[in-house]
Amino acid sequence: MTESADIFARTLLLDAGPLIAAIDRSDEHHDWARRTLPRLKGRALTCEACLAEVLHVLENAPAAIEALRALLRRLEVVPVLGQEGDAVFARVARFAPEMDLADGCLVALQGRIPGSIVITTDQRGFAVYRVPFLSPLGVFGG
């Protein structure tokens, strides 16, 4: 699968993985994230569960906190659990242990926003969830 320019003009839902990779130089997907994130032209969204995951994985390091804050200037943080909490938790339970809360929230957002696509480094998980996504391996289902 290949990327096309129109992918970056869609509503893009950012998973924790690309945000972590953009911040952490030792992440295996760092170069991909640094090339990909600046290409985002459409509406770019994430959710609070993804942000919590980013800071947890990066151990709340002060530099990571500041880098995430800078990235958030380009993103809209959309609440999910208040409106769709029961459905998200039911989906997480259904796909456990592969799906975490952040994934469940992104799948809910993708269902809520027609034509949106998830940007993730978790190609295995999102292939199982059957939503369109862009990963370091290309575009799938989109």
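Quick note: the coordinates plus some simple rules give every number you see, no bench work behind them. Because the structure is predicted, anything quoted here is derived from the model rather than measured. Because the Cβ atoms are built from the backbone with ideal geometry, glycine has one as well, and the counts that use them run over all protein chains shown.
If you take the residues in the range 64-90 that are over 15 Å from the mean Cα position of the chain (by Cα) and touching a residue at least 12 places away in the same chain (Cβ under 8 Å), which one is surrounded by the fewest Cβ atoms within 10 Å (Cβ to Cβ)? Checking each candidate, the answer is 89.
Among the residues of the range 19-35, those that are buried (at least 18 other Cβ atoms within 10 Å of the Cβ) and part of a loop (DSSP other than H, G, I, E, B) comprise 24, 27, 29.
Which one is surrounded by the fewest Cβ atoms within 10 Å (Cβ to Cβ), of the residues in the range 8-18 that are out of contact with any Cys (no Cβ under 7 Å at 6 or more places or on another chain) and hydrophobic (A, V, I, L, M, F, W, C)? Going through the qualifying residues, I end up with 9.
Residues that are part of a helix (DSSP H, G or I), of a type in the set (S, T, N, Q) and farther than 17 Å from residue 14 by Cα within the range 36-73 are absent altogether. Restricting attention to the range 25-58 and to residues that are of a type in the set (Gly, Ala, Ser) and more than 20 Å from residue 7 (Cα to Cα), the residue that is nearest to the chain's Cα centre (by Cα) turns out to be 49.
Filtering the range 26-73 to residues that are more than 13 Å from residue 119 (Cβ to Cβ) and among the β-branched types (Val, Ile, Thr) leaves 54, 57, 65. Look at the range 10-36: where a residue is within 17 Å of residue 53 (Cβ to Cβ) and a partner is among the polar types (S, T, N, Q) and in a helix (DSSP H, G or I), sitting 6+ places away or on another chain with Cβ atoms under 7 Å, you get 13/110; 18/36. Determine if the range 92-102 includes at least one residue that is surrounded by 13 or more Cβ atoms within 10 Å (Cβ to Cβ), under 21 Å from residue 20 (Cβ atoms), of a type in the set (Gly, Ala, Ser) and in contact (Cβ under 8 Å) with a residue 12 or more places away in the chain. Yes, some residue in the range 92-102 is surrounded by 13 or more Cβ atoms within 10 Å (Cβ to Cβ), under 21 Å from residue 20 (Cβ atoms), of a type in the set (Gly, Ala, Ser) and in contact (Cβ under 8 Å) with a residue 12 or more places away in the chain.
The set of residues from the range 99-128 being farther than 22 Å from residue 37 by Cβ and either under 15 Å from the mean Cα position of the chain (by Cα) or of a type in the set (Lys, Arg) (or both) comprises 99, 101, 104, 108, 111, 112.
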